[in-house]
Structures are given as C-alpha cells and as structure tokens.
Amino acid sequence: MMSFPTTGKAWTDVKQALSDAKKGDYAWEDGRLPVYIYYLDEELHEVVTQAYQMYFTENALGRRAFPSLERLEREIVEMSLSLLGAGPGAGGSFTSGGTESIFLALKAARDRARAERPEIRQPNILLPYTAHATFNKAAHLLGIEARRIPSRPDHRADVAAMERAIDDNTILIVGSAPSYPNGLFDTIPELGQLALKRNVWLHVDACVGGFLAPFVRQLNYPIPPFDFSVPGVTSLSADLHKYGYAAKGASVVLYRDAKLKEYQRYEYVGWSRGIYSTETFPGSRPGGSVAAAWAAMTFLGEEGYRRAAGIIMDTKHKLIDGIRAIEGLRVLEPSELCIFLYDSSDPSVDISAVADEMGKKGWFVGRISDPKAIHVAVNPAISTGVDAYLADLRDVVAAVRSNRTVGKVDFRTY
Ligand SMILES: *Cc1c(COP(=O)(O)O)cnc(C)c1O
C-alpha cells in the first residue's frame, strides 16, 4: 500500500513513473482499442489539449467569475441544438458525460411530474432492454422505478409492448440512437407518436449517434430520423467526449422546450453561505473540458466531422469485409452506424476462445452477452490497425478450430 510521500520528487522522476505506469495498458495508438478512445488525428489532439490547458485552472462552477465559460457552454449547446434539428425555444446544458446528461433529463422529468402531476407517488420510466445501464443508475439515485421492456427479435424497442406497459405513474420513455450494446436505432418516430398520444416524456439517448449520425447521413448513408425533427422527442443526450472528439468530461443534454431545463436545478439556502444553486450535478467543474469541446467543434466544423465520419464508415466496411472472408465467423446484420457485432457460424469455432486469444495478442476485445458476440465500436484511431487485426483474427480462428479451444471469458463483463 502506498503511503503519503514525506518529500516530493523531481518532475522528471514523476513523469517517468507515469510513463512506466502506462506500459501495461492497451496500445490505443496502434488501433488496438475499439472502445473508450475517440481520437481523430494529431492535429486535433493538439488543438484540444491546448484549449484544455488554456482553461486548466478555471472552474465552470464560477459563472460570475468566468463569464467566458458561461458563453462557451451556451455556444456548445446552441451548436448542438442546430445540428440536432431543434427549433426556437429549445435549450440545454453542457455536462460531464452521458451519465450526467441522462441523470439530469430524468431529474427534470421527475421534478416536472412532482410539480404537474403530484398524484404520482412512485414514478416509473420504461426502457428498452438495450438502453444503457446508466438509466438504472440514475433511476436508482432519483427514487424512480425503472422498468425494462423486452426488445423485439431484431433488438429494437418493442413500441407496442412499451405502450402496453405505460400506466398512470409512467413519466418517461426511452429510445436509443443507436443503443450502445447492439448499435441499432430504436424507431424514434413511433416512440414519438406514443409519447404524444399518452402524454409522456420521450428521452432519446444519442450519446453515440448525436455527433456522428448527422455527418454519416451527410455522406448519404441511410440514417433513420432520431432528433428533434421527430415530433414527440422531449429531450436528448449526446456525448461530445465520444464522436465529438472532445476531452473526456463533455456531453450535452438538450430539451425541445428550454423551460424544462429549470427542473434540472437544485437549490439550497439553509447553510451559512446563502443561496447555493446549480443546474448540473457537480459543484466544481473543469473549465478545460468546456474549452476543449468548444475548440473541437469550431476547429472541425461540419466538414471536419464529415471527414471523421468517412474514416469510420470506411474502416467499418473494411473490417466487416475482412471478417466475412474468414471461414467460421459471421457478422450480425444490420449494422447501422459505427458499432457492429460478430460471432461464430461454426460449432468448432468457440467465440469466447477467439476473444481470449485476440486478447493475448494485445487486442482489446469488446463483448456483448446477448447475443453472445464480439463488439466493435469503430473509431478513427482503429483505422491504422485494421490489417494487423484481420491477420491476427485469421490466425486465431484457424488455431481455435484446429485445437478445439474453449474460451474462458465471461461475455457479461466488458
Ligand atoms: C456512453 C454512453 C452512455 C453513458 O455515457 P458516459 O459518458 O459513459 O457517462 C449512455 N448511453 C449511451 C448510448 C452511451 O453510449
């Protein structure tokens, strides 16, 4: 166990210790990590890190002290709203990530229900089976009951089943654009109709798709409607620290009607200091992540994001073609955006063993438990590793088949 150091060390030594610490991590720079990392290129990396450093010390909690951060946050929200089909009167907040964006949307829905439907004692929300686990985390913290509704056989939200599950205490329903596990879009227009018909809040979780799908659509790939252009969508989450290529700690939660944002607020006056009032979860917030996100958006513009989207789709097709060409593997259909799954089509090729062996070769292997498959979330950083990946995968599948290897990986952990 490390005890608190009595004396300090030279920065060169501290720096060396940090570089050494990283050595056992997966080499995302070599394209070996199809998750967690969203890296476009060296040029943008430089822009984002310098922007972060310019605001390294500032605290975005201090709105009176740092009006520039308030402006940058507002502009990030405005740019996001304009990208995602919002009309006049819409609003939103810059947050620390998808988890906070979703937490705040649920808090706003809960507190609106408390104000407008006080007869509801135990509010509930309805989630498709494939919606992100963080909805349950937020519901747990907020005292909301989260009900999972089995998805259709095609892994999309079963809207008819969701309609049957709505009761007098249902305050919100969810659709994903796309879902993180399966990579598929729920039918947001149908969910929007249901929300309007039954007067419930519809939250669209576009943490993955928000800053990617619009640009993939501009490249003429078919992308289903999912944003505020769809009637009935009340709020939407979109992660800037995923396909927005911002520094970690960056997302937005957006509302069709800016008035709903007021329900995010928490206020307390009964302490010695006076009014404590915040509209997001944390107190102190890094100014750097605001500046870095703003810098990424303004540096890249639509043009830059389209280029990134092109790299992602080309990389995905190269990987899918390569995997299809390996006997014993099967790519699951369809794949609508950046996420695809593959499994075994041959009883003598155990997919767990393939995952184990690829891991031993230094590839981080994403997994999904239902259906049991290997999960690839394509990002621009993996484009450099595609040929090496496919070559290793070919060898691994051949070896697993001839040795009848059975894997040990638990596909429920990822
Ligand atoms: C990543 C993700 C989240 C959670 O976001 P964090 O930034 O990890 O907190 C929620 N929903 C979807 C669809 C995601 O991909």
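Quick note: the coordinates plus some simple rules give every number you see, no bench work behind them. Predicted, not measured: the structure shown is a model, and the values here were computed from it. Note that we place each Cβ from the backbone using ideal geometry, even for glycine, and neighbour counts take in every protein chain shown.
Based on alpha carbons, the Rg and Dmax found for the stretch 297-414 are 15.1, 53 Å. Under the convention that each Lys and Arg Cβ holds +1 and each Asp and Glu Cβ holds -1, the size of the dipole of the stretch 313-414 around its Cα centre is about 220 debye. Among complete DSSP H helices in the chain, those whose alpha-carbon atoms stretch at least 30 Å along the helix's long axis and whose mean Kyte-Doolittle hydropathy reaches -1.0 are 287-324. For the stretch 251-282, the set of chymotrypsin sites (Phe, Trp or Tyr not before Pro) satisfying both a DSSP loop assignment and a count of at most 13 other C-beta atoms within 10 Å is given as 271. Treating r as the C-beta distance of residue 147 and residue 372 and R0 as 30 Å, the FRET efficiency rounds to 0.75. Here the stretch 295-355 is described by how far its Cα atoms reach on the three principal axes: 51, 19, 16 Å, from widest to narrowest. Averaging the Cα positions of each part gives two centres, and for the stretch 238-270 and the stretch 82-138 these lie 10 Å apart.
Our summary of shape: the Cα atoms of the chain have principal axis extents of 68, 63, 47 Å, ordered from largest down, in whole angstrom.
Average projection, convex hull of the Cα set of the stretch 1-127: 15.2 square nanometres. The antiparallel fraction among DSSP beta bridges confined to the chain stands at about 60%.
Counting only Cα atoms, I'd like the Rg/Rh figure for the stretch 1-66, Kirkwood definition for Rh. Taking Rh as the inverse mean 1/r over Cα pairs, Rg/Rh reads 1.08.
Which percent of the Cα-Cα distances in the stretch 116-198 go past 16 Å? That fraction is 50 percent.
With each label modelled as a point 7 angstrom along the Cα→C-beta vector, the residue 406-residue 49 pair spans 4.7 nm. Count neighbours as other Cβ atoms within 10 Å of each site's Cβ, and list the trypsin sites (Lys or Arg not before Pro) in the stretch 8-69 that are DSSP loop with at most 11 such neighbours. Qualifying residues, ordered by number: 9, 23, 64. Over the Cα atoms of the stretch 203-282, the radius of gyration divided by the Kirkwood radius equals 1.12; this is the Rg/Rh ratio.
Peptides 407-413, 51-57, 284-290 ordered by packing proxy, namely the average of other Cβ atoms within 10 Å per residue, highest first: 284-290, 51-57, 407-413.
The order of 28, 201, 11, going from fewest to most other C-beta atoms within 10 Å of their C-beta, is 11, 28, 201. Under 14 Å from a label point set 7 Å out along the Cα-to-Cβ vector of residue 119, the amide N atoms of the stretch 168-209 belong to 168-170. The stretch between residue 268 and residue 306, if pulled fully straight at 0.36 nm per residue, gains 9.3 nm over its current Cα-Cα span. The stretch 160-185 and the stretch 6-66 have Cα centres separated by 36 Å.
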